[in-house]
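Here the structure comes first, spelled out in structure tokens, and everything after it is commentary.
The values are calculated or read from the model by the stated rules, or taken from the named source; none is laboratory data. Model, not experiment: these values are computed from the prediction. Here the Cβ positions follow ideal geometry from the backbone for every residue, glycine too, while neighbour counts run over all protein chains shown. Please note that ligands, DNA and RNA were not included when accessible areas were found on the heavy atoms of the full protein model with its side chains. Shrake-Rupley method; radii C 1.70, N 1.55, O 1.52, S 1.80 Å.
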Amino acid sequence: MQNRNLKILADENMPMVEAMFSGFGKVTRAPGRNLKAEDVADADVLLVRSITQVNAALLDSSSVKFVGTATIGTDHIDQNYLVQNGIGFSNAPGCNADAVVEYVLSCIYALADKHGFDPKQRTYGIIGVGNVGGRLEKRFKRLGFKVLLNDPPRAENEEGFAPLNELLEQADVICLHTPLICDGKHPTQHLLSESELRVLKPGCLLINAGRGPAIDNQALLTVGEERPDLLYVLDVWEFEPAVNRKLAERCEIVSPHIAGYSLDGKIRGTYMLLEALCRFFNESVPQPLANYLPESDLSFIEQESRTPLSIMQLIYDPYADDQRLRETLGLESDEQRKAFDLLRKNYPVRREFGSMTVLPSDASGELAALGFQIAD
Ligand SMILES: NC(=O)C1=CN([C@@H]2O[C@H](COP(=O)(O)OP(=O)(O)OC[C@H]3O[C@@H](n4cnc5c(N)ncnc54)[C@H](O)[C@@H]3O)[C@@H](O)[C@H]2O)C=CC1
Ligand SMILES: O=C(O)C(=O)[C@H](O)COP(=O)(O)O
């Protein structure tokens, strides 16, 4: 890697940037949500997360040559502007998809335990079947669950997708994993509003770990008052970092946009931007990703009973994040918004277990389906 004396400005909440990018030049950090034009004026490379709006207002008076977002979503990036101005760009598709899958599975198993339903006896609807939704589909099918899929852009060329209303009327658990798209042929803004929410089955569990505005949050409240049977899990919020207190109190599980917040996913995201910057400068990546991922000790899983619920609770306990967010709901709005960002900035280390866990060969097939490798 040739030191090009680049000025690299990175979001303060992005792990291992110095370790990965210092070979290109000097790394400085800044809080992402309020980044201003003057902050980026002399940067050559800008590395952001979802909370930084990257557009003409931010970049017009800068010397930025490359923008990377260590996220899957790109709704905060004006990509047309970058192309028109010859600025290189990359996001990090799939970097934290496994973490979102583990978040969703943990919430399902936790609520199955609380409400006494058998996850296997439920029909699952996935809206948005990409990196995240596609992995979730595979996991659900390996668990023997019945799965319905809705993804109109993919349905244009592929079989196996259901119309949205059919999915909404038939699914007992609905998982939303679409990007935020505000225009075009298949917009996702307010994809679910009052009319869609009203057709949900009795006792339907609705999980949003995509983008908050994909569901009209006022409609969640309105319909939620008429339908006390509906269960909500929200990781993303229509007006985040603002969280509607009444809506949060109506939810079974709430969290501050951390479904993808595994350490693995964050490091993978930074690494994918390193790969993209190396491609941009036609260089090879100096080290493999594995050199940056800390070892994770999974031996404690052996000591626990290996039921799916206990495993999922060991992997990720949604109620820990739920409690931390609920404790901020009584704050004045500005303080609550700051608290939302602080919960994310100071997020505890959470490791993805995915296929990293090797269980003894007598582990049940259900555990294998949860994503664990079974020892030969
Ligand atoms: N809560 C969190 O921590 C995280 C949230 N996300 C969000 O989840 C979204 C999905 O992530 P990926 O699966 O990696 O993205 P992706 O781009 O791989 O998949 C999105 C899928 O949604 C489909 N889609 C687009 N418009 C649709 C519509 N109107 N109705 C139904 N499906 C539609 C696309 O065809 C695509 O298959 C991201 O855009 C991001 O906004 C992603 C990671 C973490
Ligand atoms: O990858 C995405 O898209 C996400 O939604 C990430 O969870 C966003 O995390 P931040 O970039 O907001 O830290």
Given (1) of a type outside the set (Lys, Arg); (2) within 15 Å of ligand 1 (Cβ to nearest atom); (3) open to solvent by 40 Å² or more (accessible area, probe 1.4 Å), number of the condition Cys95 does not satisfy: (3)
Hits in region 215-233 - residues which are in contact (Cβ under 8 Å) with a residue 60 or more places away in the chain and either small (Gly, Ala, Ser) or under 8 Å from Leu197 (Cβ atoms) (or both): none
Hey, Tyr81 of a type in the set (Phe, Trp, Tyr) and more than 24 Å from the chain's Cα centre (by Cα) or not: yes
Selection status of Arg245, farther than 19 Å from Ala99 by Cα, in contact (Cβ under 8 Å) with a residue 40 or more places away in the chain and basic (Lys, Arg): yes
Residues within region 227-281 that are within 19 Å of Arg211 (Cβ to Cβ) and more than 16 Å from ligand 1 (Cβ to nearest atom), tallied: 3
Total residues in region 18-39, condition crowded, with 22+ Cβ neighbours inside 10 Å and in contact with a helix residue (DSSP H, G or I) (Cβ under 6 Å, 6 or more places away or on another chain): 1
Number of the exception - Arg122 against (1) within 15 Å of ligand 1 (Cβ to nearest atom); (2) charged (D, E, K, R); (3) touching a residue at least 24 places away in the same chain (Cβ under 8 Å); (4) closer than 23 Å to Leu192 by Cβ: (1)
Options Leu148, Leu136: the member that is in contact with a strand residue (DSSP E or B) (Cβ under 6 Å, 6 or more places away or on another chain), closer than 21 Å to Ser50 by Cβ and either among the β-branched types (Val, Ile, Thr) or surrounded by 18 or more Cβ atoms within 10 Å (Cβ to Cβ) (or both): Leu136
